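Engineer: Below you will find the structure I want to go over with you.
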Amino acid sequence: MMNMKKILFLAVALLCLSGCTSQKKDAPNGDRTDGDKTVVTMMYTDSLPNLEKLVETTYTDIDLQIEKNAAGTIDGEVERRLRNGHGTDIVASTIATGDVLNYLADLSADEYISSYQSGIMHKTAKDGKNLFIPLPAQYYGYIYNVTLMNENGLSVPTTQDELLALLEQAKEKGIGTDENGSDFAVNGTPATTAVFAIAAKIPDFFGLSDGIRWLDDMKNGNASFKGSLDTCLDLPLEMIEKGYMNPLPFSAVSNTAPILEKMSNGKMLMAFDNVTMLDAVRKSSNYEFDMLPMLSDEGNPAWTVSAPTAYLGINKSLAEEGNEERLDACRRILTLISTPKGQDAFMMDNGASYSYLANYTPVSDTVPNGIKECIDNGYNYNISIPSDFMRYFGNRCNAVLCGRTDIVSALAEVDEYMQGGSSQSATLIGTIDQDMIVENYNVRLGETEIGNLISDAVREMTGADIAVVNGGSIRGSLYEGDIYSYDLDYVCPYQDNIIVLEVNADVIRSMLANSLSAMVRDTEIPGGRFLNVSGLKYSFIPPSGDLPAQLADVTLPDGSPLDENALYTIAVTDYMAGSNGYADNNGDGFTMLNVYSSDTPKAENVKLVRETGYTFHSTLEEYIISHNDEEIASQIEGRITAVSENE
């Protein structure tokens, strides 16, 4: 009986892992079905249970499958998948411009297009064709702790100067401050930084005639960021200089700030974010919270900010013969989303507050009290700068805020990018013989082909006995055929440096145990600390209920046990070894590898052998180039396996 249970468990585990590494191409000639249901796929940054339920109860012949992907990488990965024949049926993108438009079906003749406000549809049209519908919008502003403000006699700011004075007063008194002395936060993703930089200038530039003219000129290619937006980071730079805000989250080698946790427990007075964050903070805290609009520095009215959470289109490949059922299913889904019921379902899932339907009455009043006056008076700015420019602009703003460049140089780079002079490097570095797909966070859940490839590359290029690659560092897929240098920007975007340590067997086991500790989190997104390996094999007991995953066994590749008396060289990132410390979720809890941080006890039985100067990006690039005369492929080899507790 026990053997039968083991067999069943292993079968389920293998199915889970194989699902994590599935490699399905678009089906240009034939509908994907699940029994009597037509399967429709869509990639998004969150699960959408209410929308899925609405679709599948309204249309019992449709199975809507949502694949979750990291918010910071979805746009680039959407475009690359479409280009390489892996696009989902319904295409979700925050970018309403760029190459993604070349892969979308024309929706202009679909009746639901007329349901939306003409202004937003005009902004997203290309050559007079409607290729997208807008999902509901998020309001952005300053989320603040009302309880702490009231209890300590602090006044709600009405100007930018009063905002800075409030943060200074709170910092001096230790009200709503974290261990770094900071009392204000921005999560540090390029998208959020870009919105913050633009939003801060709305009352005194973008909302005025000069800003309106600049935006029109920019869309026609006749304006520049440099010279017009040189002061766009004055506010956050002053916050950093005076210690109100920690600059580390703006670095590409750091975790984003844990705003939800700090706001919820009263260790952060204020943050710039959207109503989804406000809703999450309210649900997880006993404090009262509200949102303030963007404040003027020159006596102008305050403004709130909104932007569609994403745009939805239909994969143009579905127009080919044989895909009629899937195309029809997609059109019916977009029709349903374009009704009040569809908008309500999405807003329940996403926390968005504003629908672009022409005639829509929300089921509840979701506008925060602090920004209602702005909304009622028409001071709501819809950011309409093309999202690909916003993404690059946010990336360069982050470089300024973490001290890697200055604002003038950064804005000059944005102008060059906008004019096409900084297009992605098209240097051909080699070819690979198979698709290696990152989907549904598979690199954080089990063994994958791409995880094996990158960890093998790190081990070979560093000469270490063992190499590990944290799954959170792998953000994009590799596709069969030619590999260009810009492809690796999507696959390995972070700049953590690879180092080589000398460790014993106990350290290796502790490291792997920690890597399994966040496979299940409250956010439903597995933690990025999960380790892909080369030079090792390990097995684990999957998480169950409130119990995290547990390390079961560790061996060398040939199955022999680790030598308890031996020392092994192991390639890891300096990030894991404490280069940014371990506060604010940095270092992912790998304190057993700490050789850098003085705020955490140094690791025992760990010696820094050398700093290689490599990153995952440069290592993989050099590996592909050096193996260009042979087949570059990667297979699932049983390096990482799920086992039952009784094995």
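Residue by residue, here is whether (1) surrounded by 15 or more Cβ atoms within 10 Å (Cβ to Cβ); (2) under 20 Å from the mean Cα position of the chain (by Cα); (3) modelled with pLDDT of 95 or more; (4) within 24 Å of T45 (Cα to Cα) holds:
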position	(1), (2), (3), (4)
S93	yes, yes, no, yes
L107	yes, no, yes, yes
K123	yes, no, no, yes
G128	no, no, no, no
Y140	yes, yes, no, yes
I143	yes, no, yes, yes
L148	yes, no, yes, no
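Engineer: If E261 satisfies all but one of (1) on the phi < 0 side of the Ramachandran plot; (2) assigned to a loop (DSSP other than H, G, I, E, B), what's the number of the condition it fails?
Structural biologist: (2)
Engineer: So, in segment 578-624, how many residues would count as being part of a loop (DSSP other than H, G, I, E, B) and in contact with a strand residue (DSSP E or B) (Cβ under 6 Å, 6 or more places away or on another chain)? So that I can check it myself, show each step before the final result.
Structural biologist: Within segment 578-624, the subset part of a loop (DSSP other than H, G, I, E, B) is 578-582, 590, 594-605, 612-615.
Within this subset, residues satisfying the condition of being in contact with a strand residue (DSSP E or B) (Cβ under 6 Å, 6 or more places away or on another chain) are 595, 612, 614.
Qualifying residue count, segment 578-624: 3.
Engineer: Here is a further query. Is one or more of the residues making up segment 190-204 of a type outside the set (S, T, N, Q), surrounded by fewer than 18 Cβ atoms within 10 Å (Cβ to Cβ), touching a Phe, Trp or Tyr at 6+ places or on another chain (Cβ under 9 Å) and closer than 27 Å to S251 by Cα?
Structural biologist: The initial filter retains those residues of segment 190-204 that are of a type outside the set (S, T, N, Q), namely 190-191, 194-204.
Now drop any that are not surrounded by fewer than 18 Cβ atoms within 10 Å (Cβ to Cβ), which leaves none.
No, the conditions are met nowhere in segment 190-204.
Engineer: What are the pairs with Cβ atoms under 7 angstrom where one residue, in segment 501-520, is touching a residue at least 24 places away in the same chain (Cβ under 8 Å) and of a type in the set (S, T, Y) and the other, located anywhere, is part of a loop (DSSP other than H, G, I, E, B) and surrounded by 20 or more Cβ atoms within 10 Å (Cβ to Cβ)? Sequence gap at least six, or different chains.
Structural biologist: Correct list of pairs: S515/R529; S515/F530.
Engineer: Where the second residue is aromatic (F, W, Y) and part of a helix (DSSP H, G or I) and the first is farther than 13 Å from Y59 by Cβ and lies in segment 334-351, which pairs have Cβ atoms under 6 Å and are six or more apart or on separate chains?
Structural biologist: The qualifying pairs are S338/Y112.
Engineer: Just wondering, is there one or more residues in segment 556-570 that are touching a Gly at 6+ places or on another chain (Cβ under 7 Å), under 22 Å from S251 (Cβ atoms), in a loop (DSSP other than H, G, I, E, B) and modelled with pLDDT of 90 or more?
Structural biologist: No.
Engineer: Do we find a residue being at pLDDT below 85, assigned to a strand (DSSP E or B) and of a type in the set (A, V, I, L, M) anywhere in segment 419-436?
Structural biologist: Checked segment 419-436: at least one residue is at pLDDT below 85, assigned to a strand (DSSP E or B) and of a type in the set (A, V, I, L, M).
Engineer: Hey, among the residues in segment 545-570 that are without any contact (Cβ under 8 Å) to a residue 40 or more places away in the chain and small (G, A, S), which one's surrounded by the most Cβ atoms within 10 Å (Cβ to Cβ)?
Structural biologist: For segment 545-570, the residue satisfying everything is A549.
Engineer: Is it true that F196 is of a type outside the set (K, R) and under 28 Å from D574 (Cα atoms)?
Structural biologist: So F196 does not fit the description; no.
Engineer: I'm checking my understanding of the structure. Among residues of segment 499-519 that are part of a loop (DSSP other than H, G, I, E, B) and buried (at least 20 other Cβ atoms within 10 Å of the Cβ), which one is modelled with the highest pLDDT?
Structural biologist: That would be L516.
Engineer: Collect the residues in segment 520-539 that are of a type in the set (A, V, I, L, M, F, W, C), modelled with pLDDT under 95 and either crowded, with 22+ Cβ neighbours inside 10 Å or in contact with a Lys or Arg (Cβ under 8 Å, 6 or more places away or on another chain) (or both), keeping them in residue-number order.
Structural biologist: I525
Engineer: I'd like the full set of residues that are closer than 17 Å to N246 by Cβ, touching an Asp or Glu at 6+ places or on another chain (Cβ under 8 Å) and not hydrophobic (A, V, I, L, M, F, W, C), limited to segment 181-220.
Structural biologist: Across segment 181-220, the qualifying residues are N187, T192.
Engineer: Looking only at residues in segment 575-628 that are of a type in the set (F, W, Y) and more than 18 Å from V507 (Cβ to Cβ), which one is surrounded by the most Cβ atoms within 10 Å (Cβ to Cβ)? Before the answer, list the steps.
Structural biologist: Applying the first criterion (of a type in the set (F, W, Y)) to segment 575-628 yields 575, 582, 590, 596, 614, 616, 623.
Then keep just the ones that are more than 18 Å from V507 (Cβ to Cβ); that gives 614, 616, 623.
Working: Y614: 22, F616: 25, Y623: 21.
Per the criteria, the residue is F616.
Engineer: Something else: How many residues, within segment 147-168, are more than 20 Å from V186 (Cβ to Cβ) and assigned to a helix (DSSP H, G or I)?
Structural biologist: Of the residues in that region, 3 qualify.
Engineer: Another question about this same structure. In segment 629-647, what residues are surrounded by 15 or more Cβ atoms within 10 Å (Cβ to Cβ), under 20 Å from L531 (Cβ atoms) and under 29 Å from the mean Cα position of the chain (by Cα)?
Structural biologist: S634, I636, R639, I640, T641, A642
Engineer: Is there a residue being in contact with a Ser or Thr (Cβ under 7 Å, 6 or more places away or on another chain) and assigned by TED's automatic domain parsing to the domain that holds A566 anywhere in segment 503-510?
Structural biologist: No: segment 503-510 contains no residue that is in contact with a Ser or Thr (Cβ under 7 Å, 6 or more places away or on another chain) and assigned by TED's automatic domain parsing to the domain that holds A566.
Engineer: Can I ask one more? Out of the strands (runs of 3 or more DSSP E) lying entirely within segment 272-346, which hold 2 or more residues that are surrounded by fewer than 23 Cβ atoms within 10 Å (Cβ to Cβ)?
Structural biologist: Values: elements: 289-292, 304-308, 311-314.
Filter on segment 272-346 gives 289-292.
The values are calculated or read from the model by the stated rules, or taken from the named source; none is laboratory data. Every value quoted in this text rests on a predicted model; they were computed, and no experiment measured them. In this analysis, Cβ positions are derived from the backbone assuming ideal geometry, glycine residues included, and neighbour counts consider all displayed protein chains.
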